[in-house]
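Chemist: Starting off with a structure, shown below.
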Amino acid sequence: MEFQRLIEYANMKSQNTQRIYKHHYKLLHQHFNCDIADVSFDKLKSFIDNLDIAPNTKAMYLNVIIVINKFCGGTKADIEDLLDYRADLTQAIQINLKRVNNSLDLPSMNTILHFMEESLTKRNYRRYVINFLLIHYFVRNQDLDLEIIDDLKKVEEGKNYLVLKKNPKHIIYIRQRYKTFKQHGRKDYIITDLNFYKAVKELYTTDEPLINISLQHAVINNTYQKLGESNYLKISINHIRETGNLNLLKHISERRGTSYPVLLNSYNALV
């Protein structure tokens, strides 16, 4: 019953969040061998405190526990204690993120842009397209799992596309499969950059998929010094610090599908 209520709640979230909730609930249930709502706050806190994992992973366990207590008869006092504990854990996450970010020696945005343009010069069109979308549309790995087509009639629900269009030359970037799709729905972007058009057309003409190996490896192997998607976002955040361009942060929020406060908190931007 308890697990079913959790699943009903999780169904409103992304597939990745659903998977995380199920995984952490099963681990909790294996440890306590009873309904989680029946476990006292002190025992739950002790369990999480003693986990040798990062604070943000501890928060995943705690979120599951809070949901269960809210929907499965947890006492008001226990719920308040859990929420206070989450606030303390959130502060620990911020401290940990600040430490990690400060320890990274990331390249400048100009270095990344040069790497992207160099890819075009070397006719590495796959690398160029991946970097263009990471830099200008702040996408996650999943957003790059897409098909290149030349006709909007070929678009199917639940898939991402780059659609080649002529007269004038442009690309329609359609995103229907991304982390926060349930909250924001389908996103369409008109891209008029002619270098990007050329790169996409070359891939389409030679029948080369954008992702030709596993998604994660494809992105890692095509980013500067194998930095990956998350570090590219941090480079964009660092660029904001350097330029003071707050409008760019809102731009990232809209294109990535991440709330403005989350960007500020999660990536320690401008605070």
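Chemist: Each label point is 7 Å from the Cα along the Cα-to-Cβ direction; what then is the distance between the points at Lys250 and Leu152, in nm?
Modeler: So the label points at Lys250 and Leu152 sit 2.8 nm apart.
Chemist: Using the Cα centre as the reference, give the magnitude of the dipole from point charges on the C-beta atoms of the chain (Lys, Arg: +1; Asp, Glu: -1; all else neutral), rounded to the nearest 20 debye.
Modeler: That gives a dipole near 720 debye.
Chemist: Related question: Give me the percent relative contact order of region 109-266, please, defined on Cα pairs under 8 angstrom at least 6 residues apart. It would help to have the intermediate numbers written out before the result.
Modeler: Working: 205 pairs, mean separation 40.0, N = 158.
About 25 percent, as a whole number.
Chemist: Once the Cβ-Cβ distance between Thr57 and Ile220 is put in as r, and R0 is 25 Å, what FRET efficiency do you end up with, to the nearest 0.05?
Modeler: For R0 = 25 Å, the calculated efficiency reads 0.70.
Chemist: Using a cut-off of under 14 Å, list every residue of region 59-95 whose amide N is near the label point 7 Å from the Cα of Gln4 along the Cα-to-beta-carbon line.
Modeler: 72
Chemist: Okay, next question. When the chain is fully extended, how far beyond the present Cα-Cα distance does Glu242 get from Thr192, taking 0.36 nm per residue of separation?
Modeler: Gain on stretching Glu242 to Thr192: 15.3 nm.
Chemist: For the chain, with the dipole built from +1 on Lys and Arg beta-carbon atoms and -1 on Asp and Glu ones, taken about the Cα centre, which of Gln94, His170, Thr17 lies farthest toward the positive end?
Modeler: Farthest along the dipole direction, towards plus: His170.
Chemist: Could you tell me the ratio Rg/Rh of region 7-88? Both radii from Cα atoms, Rh via Kirkwood. Before the final figure, lay out the partial values.
Modeler: Numbers: Rg = 12.0 Å, Rh = 12.9 Å.
Reported Rg/Rh, Kirkwood definition of Rh: 0.93.
Chemist: Taking amide hydrogens as modeled 1.01 Å from N in the peptide plane, which residues meet the under 5 Å criterion relative to Asn124, leaving out close sequence neighbours?
Modeler: The list, which skips near neighbours in sequence, is empty: none.
Chemist: Let me ask something else. Once you order the gyration tensor axes a ≥ b ≥ c over the Cα atoms, which shape class does the chain get: rounded for a/c under 1.5, otherwise prolate or oblate by comparing a/b with b/c?
Modeler: prolate
Chemist: In terms of the Cα gyration tensor, with a ≥ b ≥ c the square roots of its eigenvalues, is region 132-181 rounded because a/c is under 1.5, prolate because a/b exceeds b/c, or oblate?
Modeler: It is oblate, given that a/c is not under 1.5 and a/b is not larger than b/c.
Chemist: Next question. Can you give me the distance in nm between label points at Lys122 and Asn33, each placed 7 Å from the Cα along the Cα-to-Cβ direction?
Modeler: Once both label points are built, they end up 5.8 nm from each other.
Chemist: While we're on this one: How much FRET efficiency would the formula 1/(1 + (r/R0)^6) give for Asp42 and His184, where r is the Cβ-Cβ distance and R0 is 30 Å, rounded to 0.05?
Modeler: The pair Asp42/His184 has a calculated efficiency of 0.15.
Chemist: What order do you get for 65-71, 238-244 when each peptide is scored by the mean count of other beta carbon atoms within 10 Å, highest first?
Modeler: Sorting 65-71, 238-244 by mean packing, highest first, produces 65-71, 238-244.
The numbers here are math on the coordinates, done by the rules we state, and not lab data. Note that the structure is a prediction, hence the values are computed from the model and not measured. Cβ atoms come from the backbone with ideal geometry, glycine included; neighbour counts cover every protein chain shown.
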